[in-house]
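Here is the structure we will look at, set down as structure tokens.
The values are calculated or read from the model by the stated rules, or taken from the named source; none is laboratory data. Please read all numbers here as calculations on a predicted model, not as lab measurements. Methodologically, a virtual Cβ is constructed for each residue, glycine included, from the backbone with ideal geometry; neighbour enumeration extends over all protein chains shown. Ligands, DNA and RNA are stripped out before the accessible areas are found, and what is left, the full protein with its side chains, is counted by its heavy atoms. Shrake-Rupley method; radii C 1.70, N 1.55, O 1.52, S 1.80 Å.
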Amino acid sequence: HAPNIKFYATQTEKDWAAKTRKSLGVGPIIVWSLAGSAVHKTWAGLDAMLASILLGYPSSSIVLVGGPECVILEAGWENEPRVVKTSGKWTIRQSLSFLAEADLIIGPETGVLNAAACMEVPKIVFLSHSTHENLTRDWVNVFPLSSVGTKCPGRGNDEAPACHQLHYSIEFCKRDDNTGTAQCQADISEGLVWETIEKALNHDH
């Protein structure tokens, strides 16, 4: 079986995406999908990593995508033109159309990342209730990140690699006291994420 998951943008959408990419400069252009549909689908170190990318890659731009509820995650970057805040502004089709113009896609287990599964663009996925084996194994050019040592209701004392549960609240998840995110996301270190970003942007897989 050769999976081939693809989003089909219209020519008008492709033209819009290319024009938008051109307006952002030479790049690299990073698309960051901020959050998914459940409490565990957002990573804890967003702001620190955005700052690291902007400093480490002076010509880069970071396009933040998400629904209206993600606007709160964009707070604090209002005066930074290289952070493009599109949450609640772009439609889902605009977000997906722009993926082909990115140099790197980052995010949790979301529809945006799933839509990019078979694209050649490198992508970093923050795994939470899934594992590489049952989600990203057949994806193209993917860097799956998962926590190690996480203790939570679904994983016990890190006896399982993921909880494999659909969460509709925090009831069967564990919230990290320091970050407010799911424990499995807080346990993915900023150091690991930065190292992976550098690998992905330098095509070192």
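Quick look at the values:
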item	result
Criterion (at pLDDT below 90 and outside any helix (DSSP H, G or I)) met by exactly one of V31, V39, V63	V39
Identity of the residue in the stretch 193-205, open to solvent by less than 60 Å² (accessible area, probe 1.4 Å) and not hydroxyl-bearing (S, T, Y), that ends up farthest from T150 (Cα to Cα)	L201
Residues that are assigned to a loop (DSSP other than H, G, I, E, B) and touching a residue at least 40 places away in the same chain (Cβ under 8 Å), drawn from the stretch 45-60	G45, Y57
When residues of the stretch 73-116 are limited to those that are in contact (Cβ under 8 Å) with a residue 12 or more places away in the chain and among the charged types (D, E, K, R), the one nearest to A162 (Cα to Cα)	E109
Any hit, the stretch 8-28, residues being open to solvent by less than 30 Å² (accessible area, probe 1.4 Å), among the acidic types (D, E) and either under 20 Å from T91 (Cβ atoms) or within 13 Å of the chain's Cα centre (by Cα) (or both)	no
All positions within the stretch 138-185 that are open to solvent by less than 70 Å² (accessible area, probe 1.4 Å), of a type in the set (F, W, Y) and out of contact with any helix residue (DSSP H, G or I) (no Cβ under 6 Å at 6 or more places or on another chain)	W139
Condition met for E69 (part of a loop (DSSP other than H, G, I, E, B), open to solvent by 50 Å² or more (accessible area, probe 1.4 Å) and among the acidic types (D, E))	no
Unmet criterion (only one of (1) in contact with a strand residue (DSSP E or B) (Cβ under 9 Å, 6 or more places away or on another chain); (2) modelled with pLDDT of 95 or more; (3) buried (at least 19 other Cβ atoms within 10 Å of the Cβ)) for S97	(1)
Where a residue in the stretch 125-137 is open to solvent by 10 Å² or more (accessible area, probe 1.4 Å) and its partner, wherever it lies, is charged (D, E, K, R) and in a loop (DSSP other than H, G, I, E, B), with Cβ under 6 Å and at least six apart	S130/E109
The stretch 84-94: number of residues that are among the charged types (D, E, K, R) and open to solvent by 50 Å² or more (accessible area, probe 1.4 Å)	2
